[in-house]
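Down below is the structure, laid out as structure tokens.
The values are calculated or read from the model by the stated rules, or taken from the named source; none is laboratory data. Fair warning: this is a prediction, and the values are worked out from it, not measured in the lab. Cβ: placed from backbone, ideal geometry, glycine included. Neighbour counts: every protein chain shown. These accessible areas exclude ligands, DNA and RNA; they are computed on the full protein's heavy atoms, side chains included. Shrake-Rupley method; radii C 1.70, N 1.55, O 1.52, S 1.80 Å.
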Amino acid sequence: MTRIKRGYIARRRRTKMRFFVLGFRGSHSKLTQTIIQQRIKALFSAHRDRGRKKRDFRRLWITRINAAIRGRLLSYRYSTLIHNLYRKQLLLNRKILAQIAILNRNCLYTISNAIFELKKKKKNK
């Protein structure tokens, strides 16, 4: 009987997997079984951390806004500012507010004071 050589499809599939783990160290980039495991682990971590990154940035923006507001010694908190922004229908998201807080604090103070004064005027009426 003549010898039948295996096809190239399985080898091509494994080679494609090796391109994914090129920068990994040790057997994580050499052995097929560990390559498969590390690829699954890496993709799982990437998927999980995409959501975590959004969460972490939101926390950072909130912290920056809160620090900027309290730094001016206004009788104001982050939650009050956001509540009043929504009540006045000023739709500024947290990312933009944090950038304003860093780059142009006077603008943030102007926004917060304007909202605070509108609130006071309504109470006096």
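Using Cα-Cα distances under 8 Å and only pairs 6 or more residues apart, what relative contact order does the chain have, in percent?
Here the relative contact order equals 16 percent.
In Å², and per residue, what accessible area does region 8-124 have when probed at 1.4 Å with the other protein chains present? Write out the running numbers ahead of the final one.
Numbers: 9110 Å² over 117 residues.
Heavy-atom SASA per residue in region 8-124 reads 78 Å².
Arrange the residues H83, H28 by how much accessible surface each exposes, largest first, with a 1.4 angstrom probe.
H83, H28
Return the whole-Å distance between the Cα centroid of region 68-97 and the Cα centroid of region 27-59.
36 Å
Can you sort L90, L108, L103 by solvent-accessible area, 1.4 Å probe, largest first?
L103, L90, L108
Assigning unit charges at the beta carbon (Lys, Arg +1; Asp, Glu -1) and nothing else, what dipole magnitude in debye, to the nearest 20, does the chain show about its Cα centre?
580 debye
In the chain, what is the count of Lys pairs whose alpha carbons are under 15 Å apart, counting only pairs at least 8 residues apart or on separate chains? Don't skip to the answer; put the middle values down first.
On the way: K16/K30; K53/K95; K54/K95; K88/K119; K88/K120; K88/K121; K88/K122; K88/K123.
Lysine pairs, 8 or more places apart or on different chains, close enough: 8.
For region 20-35, take each phi angle, set θ = phi - 60°, evaluate the Karplus expression 6.51 cos²θ - 1.76 cosθ + 1.60, and give the result in whole Hz per residue in order, putting x for glycine and proline.
5, 10, 4, x, 6, 9, x, 5, 5, 10, 10, 8, 4, 5, 6, 4
Towards the positive end of the charge dipole of region 8-124, with charges on Cβ (+1 Lys, Arg; -1 Asp, Glu), say which of L43, Y8, Y78 has the farthest Cα.
Y8
Using only the alpha carbons, work out the radius of gyration and Dmax of the chain in angstrom.
Spelled out, the Cα radius of gyration and Dmax of the chain are 27.5, 102 Å.
In the chain, carbon and sulfur make up what percent of the accessible area (probe 1.4 Å)?
Using a 1.4 Å probe with all protein chains present, the chain comes out at 56 percent carbon and sulfur.
Which value at 222 nm does the chain reach when only helices count, each DSSP H run of 4 or more adding -39,500 (n - 2.57), with the total divided by all residues and rounded to the nearest 500 deg cm²/dmol?
-25000 deg cm²/dmol
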